[in-house]
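Comments concern the structure below.
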Amino acid sequence: MSTHREIPASESTTGATTATGAATTTGATATGGAAGTTGTGGVTGTGGATTTGRTAPLPKKRLSDRTAGLLGKLTVAVVVAVVWEASVRLWLPDYLPTPSGVAGAAWPTLTSEAFGTALGETLGGVALGLLLGCAAGTAVGLGLGRLPWLRHLSSPYISGLYAMPMLAMVPMATIWLGYSSQTRLAVIALSAFLPCAVSTGDGAREIPAQLGELSQVLRLSRLRVVADVLLPSTLPFIIAGVQVAVGRALVGAVAVEFLASLPGLGTYILSNAHSFQQDAAFVAVLVLAALGIVARAGTETALRRLAPWHLHVNR
């Protein structure tokens with residue numbers, strides 16, 4: 001009696017398919033493994049394995065972008081210097097400053113006692129005036145933003161003073177306070193007070209209503225609301241006001257020194273320009289420009305460190 005039975009077609013097909021698929025899979029695996037041994041740069045297999053080296057060019061790209069930007073700025077500076085030097089040597093009067101003359105006078109000017117004294121006078125007045133003006137302006141700005149009645153009463157006067165050039169205040173300040181360092185301090189403090197008050201007031205008004213409601217739900221005290229809600233929310237506006245205040249303070253200090261003949265960089269520039277020491281005077285002008293650049297970079301760095309959650313940081 002025969003024990004053999006016929007295998008149905010479906011089972012035969014299934015078995016063949018399974019065997020063929022297994023063989024194919026095995027072969028593919030072997031092929032992939034063999035191909036993987038011939039790869040370069042850490043690539044494993046040819047079946048689309050992810051390579052770890054594809055993200056490596058990104059830092060190089062960012063570095064090249066920064067390098068390209070730096071080279072572009074240096075190229076512009078070189079072109080301006082060449083055109084300036086050629087213009088003075090070919091067409092303009094000889095007593096005008098030139099890049100080569102300014103470069104030659106830089107070290108003697110920066111190391112001179114007169115320049116050091118003038119720089120110290122200006123920086124001391126600007127630092128103290130900024131401290132007083134920014135502190136008072138920030139406090140007043142917080143009140144303007146959170147107290148509608150105070151904003152309605154004082155906004156016309158603050159806006160008018162903010163739009164008025166500070167040079168117009170110098171002659172009157174010299175009459176009221178005399179030709180002394182107090183005049184410079186008052187002008188610098190007022191120049192710093194106004195932008196801080198305006199910018200901080202704008203920021204204090206734009207605090208989200210949800211934060212105020214949350215502070216009420218949590219029953220926070222007024223001190224906690226100011227420390228935990230008001231100041232963090234308005235911090236970018238405060239720093240933006242300080243940025244503007246630094247530039248206005250430098251302008252106010254030099255203007256007072258020009259008009260009131262107070263010791264400082266303004267008087268140093270004026271006296272050297274009148275005595276045809278144009279190169280030395282231009283060195284002092286470049287120092288003022290460098291002070292403004294450093295102050296702006298410092299405030300931007302402070303904003304990125306103190307308020308990194310704000311996306312509108314100038315980079």
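The values are calculated or read from the model by the stated rules, or taken from the named source; none is laboratory data. Quantities reported herein were computed from a predicted structural model and do not represent experimental measurements. So basically every Cβ, Gly included, is an ideal-geometry build from the backbone, and we count neighbours across all protein chains shown. Note: areas computed on protein heavy atoms with side chains; ligands, DNA, RNA excluded. Shrake-Rupley method; radii C 1.70, N 1.55, O 1.52, S 1.80 Å.
General observations
- Every pair of residues 6+ apart whose Cβ atoms lie under 9 Å, when the first sits in region 194-215 and is within 13 Å of residue 229 (Cβ to Cβ) and among the polar types (S, T, N, Q) while the second is open to solvent by 10 Å² or more (accessible area, probe 1.4 Å) and modelled with pLDDT under 90: 215/224; 215/225; 215/228; 215/229
- Output for region 37-90, where each listed residue is at pLDDT 85 or above, touching a helix residue (DSSP H, G or I) at 6+ places or on another chain (Cβ under 9 Å) and either more than 29 Å from residue 101 (Cα to Cα) or open to solvent by 60 Å² or more (accessible area, probe 1.4 Å) (or both): 80, 82, 84
- Only a single item in (1) open to solvent by 30 Å² or more (accessible area, probe 1.4 Å); (2) touching a residue at least 60 places away in the same chain (Cβ under 8 Å); (3) of a type in the set (Gly, Ala, Ser) is not met by residue 241, and it is number (1).
- Close Cβ contacts (under 6 Å, 6 or more residues apart or on different chains) running from residues in region 254-271 that are among the charged types (D, E, K, R) to residues that are assigned to a helix (DSSP H, G or I) and modelled with pLDDT of 90 or more comprise 257/266; 257/267.
- Among the residues of region 273-306, the one identified as basic (Lys, Arg) and over 10 Å from the mean Cα position of the chain (by Cα) is 305.
- Selection from region 97-143 of residues that are of a type outside the set (Gly, Ala, Ser) and surrounded by fewer than 14 Cβ atoms within 10 Å (Cβ to Cβ): 107, 108, 111, 113, 117, 131
- Residue within region 184-202 that is more than 29 Å from the chain's Cα centre (by Cα) and more than 22 Å from residue 125 (Cα to Cα) present: no
- Of all residue pairs spaced 6 or more apart or on separate chains, those with beta-carbon atoms under 6 Å, a first member in region 275-289 that is under 17 Å from residue 264 (Cβ atoms) and a second member that is among the aromatic types (Phe, Trp, Tyr) and at pLDDT 90 or above are 284/268.
- Residue list for region 250-268, filter: crowded, with 23+ Cβ neighbours inside 10 Å and either in contact with a Cys (Cβ under 9 Å, 6 or more places away or on another chain) or of a type outside the set (A, V, I, L, M, F, W, C) (or both): 252, 257, 264, 266, 268
- Taking every residue in region 114-125 that is of a type in the set (D, E, K, R) and pairing it with any residue that is open to solvent by 40 Å² or more (accessible area, probe 1.4 Å), at least 6 positions away or on another chain, the pairs with Cβ-Cβ distances below 6 Å are 121/263.
- Cβ-Cβ contacts under 8 Å between residues 6 or more apart (or on different chains), taken from a first residue in region 80-96 that is without any contact (Cβ under 8 Å) to a residue 24 or more places away in the chain to a second residue that is outside any loop (DSSP other than H, G, I, E, B) and hydroxyl-bearing (Ser, Thr, Tyr), are listed as 85/100.
- Check on residue 147, at pLDDT 85 or above and farther than 29 Å from residue 293 by Cβ: yes
- Count of region 269-292 residues which are of a type outside the set (A, V, I, L, M, F, W, C) and either open to solvent by 50 Å² or more (accessible area, probe 1.4 Å) or closer than 16 Å to residue 117 by Cβ (or both): 5
- Only listed residue being closer than 28 Å to residue 148 by Cα and either hydroxyl-bearing (Ser, Thr, Tyr) or in contact with a Ser or Thr (Cβ under 9 Å, 6 or more places away or on another chain) (or both), chosen from 283, 244, 226, 254: 244
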